[in-house]
Amino acid sequence: MSENRTIPSDELEVFKALANENRLLILQWLKHPEQHFPPHKEVEGFDNGVCVAFIQAKLNLSQAATSQYLSILQKAGLLIATRIGKWTYYRRNEEALAHFVDQLKHTI
């Protein structure tokens with residue numbers, strides 16, 4: 001019996017990224033950032049995302065741990081990072097999330 005049992009590496013990266021409660025929380029919070037984070041002083045609104053400092057404070061984790069979680073989500077394509085001055089802002093990559101959900105419907 002020779003079945004093709006491979007899952008594309010990009011899908012595996014997404015599964016790995018989603019396999020952590022804190023990373024899932026980040027994605028949930030960023031879905032409606034205005035409900036979970038205070039307004040930014042440097043930029044108006046949340047079009048560019050949420051500053052790392054706000055995400056770190058909400059997670060109540062170190063800067064290094066928070067950055068690692070954000071990096072994993074970004075490498076999986078689930079977050080988009082925008083640098084403004086000395087700050088980095090993160091927002092969800094809605095297109096990538098929709099694509100992943102669509103792929104999930106077809107492969108599982």
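With a Förster radius of 30 Å applied to the C-beta separation of ALA65 and ALA98, the computed FRET efficiency comes to 0.60. The residues neighbouring SER9, those whose beta-carbon lies less than 13 Å from its own, together hold a net charge of -1 under the Lys/Arg +1, Asp/Glu -1 convention. Among the listed values (i) 13, 36, 24, 18, 9, 1; (ii) 14, 45, 27, 10, 3, 1, 0; (iii) 13, 39, 27, 13, 6, 1, the one matching P(r) over Cα pairs in 10 Å bins from 0, in percent as calculated from this structure is (ii). Among the GluC sites (Glu not before Pro) within the stretch 4-90, those in coil by DSSP and having at most 15 neighbouring Cβ atoms inside 10 Å are GLU42, GLU44.
Lysine pairs in the chain whose alpha-carbon atoms fall under 18 angstrom of each other, counting only those eight or more residues apart or on distinct chains, come to 5.
Where a number appears in this text, it was derived from the coordinates with a stated rule and is not lab data. Just so it is clear, the model here is predicted, and its values are computed rather than measured. Positions of Cβ are backbone-derived with ideal geometry, glycine not excepted, and every protein chain shown enters the neighbour counts.
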